1. What does the accessible area per residue of segment 40-81 come to in Å², with a 1.4 Å probe and no ligands, DNA or RNA counted?
2. Please calculate the 1.4 Å probe accessible area of residue 73, with all protein chains present, and give it to the nearest 10 Å².
3. Mind sorting out which of [x] 18, 14, 11; [y] 30, 15, 11; [z] 33, 18, 11 is the real semi-axes √(5λ) of the Cα gyration tensor in Å computed from the coordinates?
4. What FRET efficiency, computed as 1/(1 + (r/R0)^6) with R0 = 35 Å and r the Cβ-Cβ distance, is obtained for residue 67 and residue 27, rounded to the nearest 0.05?
5. With all protein chains present, calculate the accessible area of residue 17 using a 1.4 Å probe and round the result to the nearest 10 Å².
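The values are calculated or read from the model by the stated rules, or taken from the named source; none is laboratory data. Keep in mind that this is a model prediction, so the values were computed, not measured. As a convention, Cβ positions derive from the backbone with ideal geometry for all residues, glycine included, and neighbour counts pool all protein chains shown. Ligands, DNA and RNA are excluded from the accessible area calculation, which covers all protein heavy atoms including side chains. Shrake-Rupley method; radii C 1.70, N 1.55, O 1.52, S 1.80 Å.
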Amino acid sequence: MNEYKLADGSVLTDEDIERESVEFEQETWTGRLERIHVRPGVVADEPLVAVTVRFPASMVVAIDRKTGDRSDFIRRAVFPAL
C-alpha cells in the first residue's frame, strides 16, 4: 500500500483514495475540495509579468527532471521566500 504525503503534512494511502472515491461517487463524501489548478489555467488574479532569470545549465536540467513546467516550479520555489 502506497502512502502519499500531502502539502499540509497529512498522509493519504491508496486505501483512503479508494474509499473516498467510492464515497464521492455515491454522493456520501463529506470532504471539501480545494481549488484545483489544471494546466493551462489561471496562475494569479492579476496580470503576469515575465521576468528573465539565468540559471546554470545543470540547474535547468535538474528542474526539468522534477517537472514538466519550469515556470510553475520556479514560482512555487520563490513563493515561500516572499
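1. 92
2. That residue has around 70 Å² of solvent-accessible surface.
3. [z]
4. Once rounded, the FRET efficiency stands at 0.50.
5. Ignoring ligands and nucleic acids, residue 17 comes out at about 70 Å².
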